[in-house]
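**Q** Next up is a structure, given as structure tokens.
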Amino acid sequence: MASNKPLVHRGTKSWWTGDVKTLCGLTIPGRDAKSPWFTSPACPECEAKHKARKGK
């Protein structure tokens, strides 16, 4: 059964514009970016890149 929840992405927020650049390459405008309390369901591509960076 699929979830209706949007995926939770990992990324960095621009101090100037508030836009969020995710690890999977998306740019989320500042007005649409939210900081979720929970990390589920996580974006599989963001999680894979996060784990790869963490291992360096």
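**Q** If you take the residues of the range 41-56 that are modelled with pLDDT of 85 or more and in a loop (DSSP other than H, G, I, E, B), which of them is farthest from GLY11 (Cα to Cα)?
**A** The selected residue is PRO41.
**Q** Here is a follow-up. So, in the range 26-56, how many residues would count as being among the small types (Gly, Ala, Ser) and closer than 16 Å to PRO6 by Cα?
**A** So the count comes out to 4.
**Q** Condition check: surrounded by 10 or more Cβ atoms within 10 Å (Cβ to Cβ) and of a type in the set (Ser, Thr, Tyr). Does SER35 satisfy that?
**A** The answer is no for SER35.
**Q** I need the full set of residues from the range 15-29 which are surrounded by 13 or more Cβ atoms within 10 Å (Cβ to Cβ) and small (Gly, Ala, Ser), in order please.
**A** The answer is GLY18, and nothing else.
**Q** May I ask you to list the residues in the range 7-33 that are over 19 Å from ALA48 (Cα atoms) and modelled with pLDDT of 90 or more?
**A** LYS13, SER14, TRP15, TRP16, THR17, GLY18, ASP19, ILE28, PRO29
**Q** Can you tell me how many residues in the range 6-48 are out of contact with any Lys or Arg (no Cβ under 9 Å at 6 or more places or on another chain) and aliphatic (A, V, I, L, M)?
**A** Counting residues in the range 6-48 that are out of contact with any Lys or Arg (no Cβ under 9 Å at 6 or more places or on another chain) and aliphatic (A, V, I, L, M) gives 4.
**Q** Name the residues in the range 11-40 that are touching a residue at least 12 places away in the same chain (Cβ under 8 Å), in contact with a strand residue (DSSP E or B) (Cβ under 7 Å, 6 or more places away or on another chain) and among the charged types (D, E, K, R), would you?
**A** Answer for the range 11-40, where residues must be touching a residue at least 12 places away in the same chain (Cβ under 8 Å), in contact with a strand residue (DSSP E or B) (Cβ under 7 Å, 6 or more places away or on another chain) and among the charged types (D, E, K, R): LYS13, ASP19.
The values are calculated or read from the model by the stated rules, or taken from the named source; none is laboratory data. This one's a predicted model, so the numbers in the text were calculated from it and none came from an experiment. For neighbour counting, all protein chains shown are included, and Cβ atoms are generated from backbone atoms with ideal geometry for every residue, glycine included.
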